[in-house]
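J.: Right, I'll just put the structure down here and ask away after.
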Amino acid sequence: MDEVEFMRGRVYGADHDDPGPRAGRAYAQLVGGPLDGLLLDVTDLEAPERDRGVSLATEMGRYGTGGRAAYAPRPGDARRFDWRGDVP
């Protein structure tokens, strides 16, 4: 199994021993970029926060350790957050 397949269906920031989604939580799928295929828990994000998008820490992006990947909700489909690029 390669790294991409290993990451699919896992929740960003979840414990490695329990990486899957949990009942009663809302998730958006990250699409594109270094975190493609991961799920993001958006349960506690208020609408204005969710609409702004998120900047998620990752070592797999352009800037390596300390870098972040920017994702924003897809217009018309808030269940998917599209990659907007990497930031230092």
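The values are calculated or read from the model by the stated rules, or taken from the named source; none is laboratory data. From a predicted model like this one, the values you see are computed outputs, not experimental measurements. A quick note on method: Cβ atoms are made from the backbone with ideal geometry, for glycine too, and the neighbour counts reach across all protein chains shown. Each accessible area value is taken on the protein alone, full model and side chains, heavy atoms only, with ligands, DNA and RNA left out. Shrake-Rupley method; radii C 1.70, N 1.55, O 1.52, S 1.80 Å.
J.: What are the pairs with Cβ atoms under 6 angstrom where one residue, in the range 68-88, is open to solvent by 20 Å² or more (accessible area, probe 1.4 Å) and the other, located anywhere, is of a type in the set (Phe, Trp, Tyr)? Sequence gap at least six, or different chains.
T.: Qualifying pairs under 6 Å: Pro73/Phe81; Trp83/Tyr71; Asp86/Tyr63; Pro88/Tyr63.
J.: On to the next question. Take the conditions of a type in the set (A, V, I, L, M, F, W, C) and more than 10 Å from the chain's Cα centre (by Cα) and apply them to Ala26. Does it pass?
T.: Taking the combined requirement at face value, the residue satisfies it.
J.: Please tell me if Pro48 is of a type outside the set (S, T, N, Q), exposed (fewer than 12 other Cβ atoms within 10 Å of the Cβ) and more than 10 Å from the chain's Cα centre (by Cα).
T.: Yes.
J.: Give just the number: which of (1) of a type in the set (Phe, Trp, Tyr); (2) modelled with pLDDT under 95; (3) surrounded by 15 or more Cβ atoms within 10 Å (Cβ to Cβ) does Phe6 not satisfy?
T.: The single condition Phe6 does not satisfy is (3).
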